[in-house]
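Trainee: The structure is given below, and queries will be raised subsequently.
The values are calculated or read from the model by the stated rules, or taken from the named source; none is laboratory data. This is a predicted model, so every value here is computed, not measured. Cβ coordinates were reconstructed from backbone atoms using ideal geometry, including for glycine residues, and neighbour counts include every protein chain displayed.
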Protein chains: 2
Amino acid sequence: MKEKLELLKLLADETRLDILNILLHEDSYVEKIACELSLTPATICYHLKKMESAGVVNCSRSQFYMIYSLNREIFDKPLYELIKKDEPVIDANEKYKKDVLSHFFKYGKLVQLPTQRKKREIVLAEIAKQFKIGQKYGETEVNEIIHQFHEDHCTIRREMIACGIMAREKEIYWLIKT
Amino acid sequence: MKEKLELLKLLADETRLDILNILLHEDSYVEKIACELSLTPATICYHLKKMESAGVVNCSRSQFYMIYSLNREIFDKPLYELIKKDEPVIDANEKYKKDVLSHFFKYGKLVQLPTQRKKREIVLAEIAKQFKIGQKYGETEVNEIIHQFHEDHCTIRREMIACGIMAREKEIYWLIKT
DNA sequence: AGAATGATTAGAAAATTGTCAAATTACTCT
DNA sequence: AGAGTAATTTGACAATTTTCTAATCATTCT
């Protein structure tokens, strides 16, 4: 991934594009390119070395000159290949949770409480993240927190107890598991 | 051409690549992206606006949110399309001269004086660029300048006079036409 | 109309990067 | 070995760009 960004940065410079276009036409060497572009050899060398270490150009010596040439295969890929991040490794379970959550939450609000127990637990666990373990909460407090996600805080609150995520004693609630 | 460079510059930034990868997966909005990337909404907005004005992303409002989405066609082109400069408009005569010169000069040295008059004139005119109009040169001086290009400065010097590029009076030479 | 919320802009600080002049290195040719 | 030539490195400077904070703007909801 890192190399893709490096390649893009490399290509995103006017001088380097000019150099590449010269090399697209024919192999060349530092001084000649410098002359054609009205820049100093030092500058051209700086760019060529940068591109060489990224594998964009190759160089070989001929007499006094370092002949630079293009590594043309690089330019065949579609742009899409360069911007796409390699898939992060994420286990199937995580992916499932993510899908469930993105299905039932829209813009951070719970659209509907899932009927399937497994999905419902995932959704409730997400809401439970708002509570800290070891802390005691009053009922009003619990309601307010849940209300951020859904109108019907009563149902949610009851469900959280039912599936063992929270516990209650009289008017006091607390988180059991994250 | 200018737009190609702009597009490359746009893509050559880590944050913007991150944003594009999020949008590749699903449309999203400023705050959410900011949260996912641990940056401020101002920063994300800066990047999105930049990409929008380049046509890389589109946006539309939905409730409180500005939903940004990708303009996916852009990414189909091969990289080659982005680096290649559009052909400069160059008249046929110029192109002919260029071809003749690149054939007879190698690494800045004249390999051989063309026998064809037309080609010879082109080559001589190229060498004549080293002289300034209106200036007087001694013979040694003329020889030294010509010698940069070819061993046999005498022949070249004689030819320059013969085809009317330079004039001579006694030991003094000067350029007639460029 | 007013409160709330997300998006955008303005201004400033920090980081990155392209360029050059001058010095050094690497190589070629006698 | 030494002279000559092109390439490269170094250090400094200038220009550009990313990011943030704070303030403002535009919508939506009550």
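Trainee: Confirm whether B:TYR65 is within 12 Å of DNA strand D (Cβ to nearest atom), aromatic (Phe, Trp, Tyr) and surrounded by 14 or more Cβ atoms within 10 Å (Cβ to Cβ).
Mentor: When the stated conditions are applied, B:TYR65 passes them.
Trainee: Test B:LYS32 against the criterion of being within 8 Å of DNA strand C (Cβ to nearest atom) and touching a Gly at 6+ places or on another chain (Cβ under 9 Å), and give yes or no.
Mentor: It is true that B:LYS32 is within 8 Å of DNA strand C (Cβ to nearest atom) and touching a Gly at 6+ places or on another chain (Cβ under 9 Å).
Trainee: Could you check the stretch B:124-158 and list, in sequence order, the residues that are among the aromatic types (Phe, Trp, Tyr) and part of a loop (DSSP other than H, G, I, E, B)?
Mentor: Correct list: B:PHE131, B:PHE149.
Trainee: Kindly check whether there is at least one residue in the stretch B:159-167 that is under 33 Å from the mean Cα position of the chain (by Cα) and part of a loop (DSSP other than H, G, I, E, B).
Mentor: yes
Trainee: May I ask you to list pairs of residues, at least six apart or on different chains, whose Cβ atoms are under 9 Å apart, with the first in the stretch A:106-123 being under 22 Å from B:TYR29 (Cα atoms) and in a strand (DSSP E or B) and the second being aromatic (Phe, Trp, Tyr) and modelled with pLDDT of 80 or more?
Mentor: A:LYS109/A:PHE149; A:LEU110/A:PHE149
Trainee: Across the stretch B:23-60, which residue is nearest to DNA strand D (Cβ to nearest atom) among those that are within 12 Å of chain A (Cβ to nearest Cβ) and farther than 26 Å from A:HIS103 by Cα?
Mentor: B:MET51
Trainee: Quick check on this structure: which one of A:VAL30, A:VAL89, A:VAL100 is β-branched (Val, Ile, Thr), crowded, with 17+ Cβ neighbours inside 10 Å and at pLDDT below 90?
Mentor: Exactly one of A:VAL30, A:VAL89, A:VAL100 is β-branched (Val, Ile, Thr), crowded, with 17+ Cβ neighbours inside 10 Å and at pLDDT below 90, namely A:VAL100.
Trainee: So, restricting to helices (runs of 4 or more DSSP H) that lie completely within the stretch A:1-90, which ones have at least 2 residues that are under 30 Å from B:ASN21 (Cβ atoms) and either more than 21 Å from the chain's Cα centre (by Cα) or touching a residue at least 24 places away in the same chain (Cβ under 8 Å) (or both)?
Mentor: A:2-11, A:14-25, A:41-53, A:79-83
Trainee: Would you pick out the residues in the stretch A:37-59 that are near DNA strand C (Cβ under 10 Å from one of its atoms) and on the phi < 0 side of the Ramachandran plot?
Mentor: Listed by number, the residues that qualify are A:LEU37, A:LEU39, A:THR40, A:PRO41, A:ALA42, A:THR43, A:ILE44, A:CYS45, A:TYR46, A:HIS47, A:LYS50.
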